[in-house]
Amino acid sequence: MSEASPAAATTEGRRQEVQNAVKNACDHMRADGVNPRDYVEQLAWMFFLKAFDEAEARREAESAFNEQPYQHRLPKALRWSVWSKDLLRKPDELLAFVDGKLWPKLRNLGEDSTSQQFQRIFETVRNHCRTGTSFAKVVSQVNRLDFGAHSDIIVLSELYEGLLKDVAADSPGYAGEFYTQRHIIRAMVEVVAPQLGERIYDPGFGTSGFLVESADYIRRHRSNLGGRDLNKLQNETFFGIEQKPLTYLLGAMNLLLHGIEGAGLELANTLELHQSNVPERNKYKIILSNPPYGGKMSRDNQGNFTIPSGSTEVLFLQHILANLAKGGRAAVIVPEGVLFRGGADTKVREKLIKEFDLHTVLSLPAGCFLPYTGVKTNVLFFDRTLDGRTTSSVWFYELSNDGFELKQTRRPIAGNQLPDFIARQRTKEPGECSWSVPIPEIEKKAWDLTPRNPNRQEDDEHRPALELVRSIRIKEERIVELLGELEEMFEEHS
């Protein structure tokens, strides 16, 4: 019988204590009347302050070892290690300090980047604990965690991801548009294969799933990271924009839990910041995203886009095209309508095919993102080649099984096709679920990229009832979109 490695034993040894600490914190909040959907926000800002304080302490110790002075980025009174211990035995004073002094000061620290990050976070999130006794108990549980310990971080990241997923399932739109399934993200990252030294960008980073998985991918493939490499990974690799303040905090905290402290994250509306002519030095080698879709943007705010459109998914796709560097690779999730709709959608597809190398389209099954949404989606994989080569043919893969039931419960099932997709994608190998279409054929159909598997005969009499229902739903959604476009046209001419 083989023995567990020391690292695994340490992780398992701490797992129960970390799980108990988080569970106890949630129990104390529940007893205080805190809504379960607010647990993540409460824990996120507390984790953030404690993790930041521990990182500061490590930097101070390193500076002392090198006999160099260190300037803390927070005043002493605002540091977690100071107030959480000094006032812990005075619960009412502790709560009064946090609500009356800590919060206002964190919102007005100064103009440097660290101060601005604190301001962005603490302007919107709040302390949900109502009584000093309850809050002190939650603080005590958080103090059991060690954000500098690899074992604690492993367990905490698992627990945090689980809480994010539960909140997103229970309250779609609360913690981002919806939670992108982690196994889909991993498949996208595997194909794009980010490398150390490449700038990685998500224009709607949400809970940072794409950035976190990219960091893990780089670490798996570069096990011997030196000091310079780690600094590059920490401070020069990950970038993103998020519009919702709470989601910004959740994403920033998720990165911290995965060992990324210096990501370039911005709280803003990506589409309002968009520029069509981005200097090459400001572009990104890797772009991974599941941008918001289904939204509408007013005509007044479409002026910065080469191809105006009220559809947010079309505008986000243009933003990604404008920000992909030479030699860059991108993987983007889009709703099915982007692949066949006319007007602006057609023009963007033509631009994508003629100016980039759209080499792969992964057709995801309807229901893949349940319980958040049942919208049929696809993943577009494309490169901006160094030699200017553009699309000659598109390789399609029709995924019908992603390893989970296509129901609200999404229970695991056998027959996951994602490993087959990844293996075949490398050589664009044809198969029962994969095929290639040359560009002249796509051009004849107005650049329509709808996956139509030539190996499967369309036979409505023998198609499963659930598949027919989903097909009808997609057609109904298209009708609603067309009616919306007609309504906009009539409003403009009225």
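The values are calculated or read from the model by the stated rules, or taken from the named source; none is laboratory data. What you are looking at is a predicted structure, and each value in this text was computed from that prediction instead of being measured. Reconstructed Cβ throughout: ideal geometry from the backbone, glycine too, with neighbour counts over all protein chains shown.
Overview of values
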read-out	value
Residues being surrounded by 15 or more Cβ atoms within 10 Å (Cβ to Cβ) and at positive phi - total across the stretch 380-425	2
Per-region count, the stretch 112-123, residues crowded, with 16+ Cβ neighbours inside 10 Å and either closer than 29 Å to residue 216 by Cβ or in contact with a helix residue (DSSP H, G or I) (Cβ under 8 Å, 6 or more places away or on another chain) (or both)	6
Residue satisfying all of: in the stretch 126-144; outside any helix (DSSP H, G or I) and farther than 14 Å from residue 23 by Cα; nearest to the chain's Cα centre (by Cα) among these	126
Pairs where the first residue, in the stretch 403-429, is closer than 12 Å to residue 368 by Cα and the second is small (Gly, Ala, Ser) and at pLDDT 95 or above, C-beta under 7 Å, 6+ apart	none
Test: residue in the stretch 31-53 that is within 27 Å of the chain's Cα centre (by Cα) and β-branched (Val, Ile, Thr)	yes
Matching option when the condition is at pLDDT 85 or above, surrounded by 16 or more Cβ atoms within 10 Å (Cβ to Cβ) and outside any helix (DSSP H, G or I), among 95, 109, 102	109
Sole exception among (1) modelled with pLDDT of 95 or more; (2) buried (at least 18 other Cβ atoms within 10 Å of the Cβ) for residue 376, by number	(1)
Residue 34 vs. criteria part of a helix (DSSP H, G or I), β-branched (Val, Ile, Thr) and modelled with pLDDT of 85 or more	no
Residues of the stretch 212-238 satisfying the condition of being surrounded by fewer than 21 Cβ atoms within 10 Å (Cβ to Cβ) and either in the same structural domain as residue 156 (by TED's automatic domain parsing) or outside any helix (DSSP H, G or I) (or both)	222, 223, 224, 225, 226, 236
Scan of the stretch 239-273 for residues that are under 26 Å from residue 196 (Cα atoms) and in a loop (DSSP other than H, G, I, E, B), ordered by number	258, 259, 260, 261, 262, 263
Scan of the stretch 274-297 for residues that are touching a helix residue (DSSP H, G or I) at 6+ places or on another chain (Cβ under 9 Å) and not in a loop (DSSP other than H, G, I, E, B), ordered by number	282, 284, 286, 287, 288, 289, 296
